[in-house]
Amino acid sequence: MPSTMRHRAGRDDDGAVRDVLDLQGYVPYFLTAISNAWSRSSSRLYLDRFGVGVTEWRVISQLAIEPAIAAQRICEVIGLDKGAVSRSVAALVAAGHVAESPDARDARRQVLELTPSGYALHDRLIALATAREQLMLAGFSEEERAQLTGYLRRLHARLPALKEFQPV
């Protein structure tokens, strides 16, 4: 399905026919719309239930997957800027969910780990997060879920090409 369509448009009434986005075939539109709606609704729910937003949940989940890592590693994996991660880590440390300690390999860096309360929060959050995932995937067969995940992995693997892309 093409991501553009020919369309007669323009404020200056020049009658020109232009290529415009066809949102029903434009993959970035769907990725952005789904991601934004998912994040907004997740953040509201997590804040109401647990007092943390979606960024804090992402930090918590990464620390459960990969304990004792630096904030930079979290930025690399989840693709957030360091300011957002830094603010989230500070809030989680203040709440007692994350502990900081000096990195044994580099004294300039701190490594982060979930505390017992951080793991308890993780366990409550993951149950809700996976239930929401199941809701979104309801009606998909196991084969379709595997295909969707495969397609998303392939798109994810192409992200470095976007950083290097130089328009002609």
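Bear in mind that the values in this text are calculations on the coordinates, not laboratory data. Being a predicted model, the structure only gives us computed values, none of them experimental. Ideal geometry is used to build each Cβ from the backbone, glycine not excepted, and the neighbour counts take in all protein chains shown.
Loop-only chymotrypsin sites (Phe, Trp or Tyr not before Pro) in region 95-168, please: DSSP not H, G, I, E or B, and at most 10 other Cβ atoms within 10 Å.
Passing both the DSSP loop test and the Cβ count: Phe165.
What is the percent of Cα-Cα separations in the chain that go past 26 Å?
I get 46 percent for the Cα pairs in the chain exceeding 26 Å.
Quick check: residue separation of Gln110 and Leu148 times 0.36 nm, minus the Cα distance between them. What number comes out in nm?
Additional length available on full extension: 10.0 nm.
State, to one decimal in nm, how far the label point of Ile126 lies from the label point of Val17, with both points 7 Å from Cα in the Cβ direction.
5.6 nm
Can you list which of the DSSP-assigned H helices in the chain have a Cα extent of 15 Å or more along the long axis and an average Kyte-Doolittle score of at least -0.5?
Qualifying helices: 27-50, 54-65, 82-94, 116-137.
Taking amide hydrogens as modeled 1.01 Å from N in the peptide plane, which residues meet the under 5 Å criterion relative to Ile69, leaving out close sequence neighbours?
Leu112
Take every Cα pair under 8 Å in region 25-168 that's 6+ residues apart, average their separations, divide by the length, and report that relative contact order as a whole percent.
18 percent
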